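The structure appears right after this line, and notes come after that.
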Amino acid sequence: MALRTLALPDGPHVKTALSARLTSSVRDISLGSVGASAVLSDFGEAVAARTDGLLHITRTLGAVAAGSPDLAAVLRESPGEYAGPGERVVPVAALATTELPSSPRWLGDFTRLALTVGLRLLELGVALEAHGQNLLVVLAADGNPVRLVYRDLADLRIGPARLARHGVALPEQLPTRMVTDDEHALRRKLFGSLVAGALAGTAGSGPALRAALEDAVPRLPRTSDLTALLEEPLPAKALTLMRLSPRTAGDQWAELPNPLFFDPM
């Protein structure tokens, strides 16, 4: 599922720099990301430990750059390290090629798992870029979703005030673009990638996404973030606009109708 990540046989993965604009961004590796990779890896492990085993982070084993974002690479664990006997790890973007999402029960269970993890980390102050390539699901032998694996920590958004409320220290040496206490920016990062991206792509249609959310939401803790997800328009990255605006730095966004109010006619 990745164009620039190489999977070594029975070994780690190597993320490489590809200095071409794909979808919305130039796929190089910033020097800031290389410099912060070890700190982010340790931080990611620490916050994942607060999910009661529902989320694992692929650890960064090393990162290097030759003075340029065009000449950089990151070595990280294979997501397969987190599969137990009889289990398999599947990128969420690949789920639509299987029969699993056609089961409303399966889709509801997967949606609840993904939202449970995403909202728990958001409450802590960590907004994942949980699109279908970064987010993987561990499937039991019978296909049931049991855990999540997340890779590539370079585009998180981290809220210091939320971290402080939970007694978590803000890591040093983070790129400034990653740090914000803007509630809207934190929610937009998670909801735009996870709901408008990963879950919508897995569901395959507005009615299916709505049904999955209606199944999952009653089983989630009621928080201000969940209320925002239920009541506000759904953010989505404006990928075409970003591709046509190469001189505009950062993400650009659009708003979609809330899927819980989806009306096919």
Handout entry: Cα gyration tensor category, rounded, prolate or oblate, for the range 152-265 with a/c compared to 1.5
Key = oblate
Fill in the blank from the handout: With label points set 7 Å from each Cα along the Cα-to-Cβ direction at Leu241 and Arg165, the distance between them in nm comes to 2.9 nm
Exercise for the section: Springs between alpha-carbon atoms under 10 Å, Gaussian network over the chain: tell me which of Pro235, Pro104, Pro91 tops the mean-square fluctuations. Expected result: Pro104
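Neighbouring Cβ atoms within 10 Å as the yardstick, rank Leu241, Leu107, Leu113 fewest first. Walk me through the numbers on the way to the answer.
Details: Leu241 13, Leu107 25, Leu113 20.
Going from least to most buried by this count: Leu241, Leu113, Leu107.
Can you tell me the FRET efficiency between Leu256 and Ser68 if r is taken as the Cβ-Cβ distance and R0 is 30 Å, rounded to the nearest 0.05? Can you show the working numbers first?
Values: r = 37 Å, r/R0 = 1.24.
FRET efficiency, Leu256 to Ser68: 0.20.
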Handout entry: Among Ala208, Ala228, Ala200: highest mean-square fluctuation, GNM of the chain, C-alpha pairs under 10 Å
Key = Ala228
Fill in the blank from the handout: Note on the range 38-149: contact order normalised by length, alpha-carbon pairs under 8 Å, 6 or more apart, percent, works out to 29 percent
Exercise for the section: Compute the distance in nm between two label points, each set 7 Å from the Cα along the Cα-to-Cβ direction, one at Ser103 and one at Gln173. Expected result: 4.5 nm
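Arrange Thr58, Thr16 by Cβ neighbour counts within 10 Å, fewest through most, would you? Please report the intermediate quantities before stating the final value.
Values: Thr58 24, Thr16 16.
Ranked by crowding around the Cβ, least crowded first: Thr16, Thr58.
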Problem - Within the chain: Cβ-based charge dipole about Cα centre, in debye rounded to nearest 20 (Lys, Arg +1; Asp, Glu -1) - result: 320 debye
Exercise for the section: Determine the calculated [θ] at 222 nm for the chain from helices alone, applying -39500 (n - 2.57) to every DSSP H run no shorter than 4 residues and normalising by the residue count; nearest 500 deg cm²/dmol. Expected result: -9500 deg cm²/dmol
Practice task
Taking the dipole about the Cα centre of the chain, with the C-beta of Lys and Arg at +1 and of Asp and Glu at -1, give me whichever of Ala65, Gly84, Val117 is farthest to the positive side.
Solution key: Ala65
Fill in the blank from the handout: Listing Trp106, Trp253 by rising number of other beta-carbon atoms within 10 angstrom, fewest first, gives Trp253, Trp106
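May I ask for the percentage of alpha-carbon pairs in the range 13-164 that lie more than 22 Å from each other?
Values: 5009 of 11476 pairs.
Roughly 44 percent, rounded to a whole number.
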Practice task
Return the whole-Å distance between the Cα centroid of the range 91-106 and the Cα centroid of the range 213-250.
Solution key: 21 Å
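Read the figures in this text as sums done on the coordinates, not as results from a lab. Values in this document were obtained by computation on a predicted structure and should not be read as measured data. Neighbour counts are summed over all protein chains in view; Cβ atoms, including those assigned to glycine, are modelled from backbone coordinates with ideal geometry.
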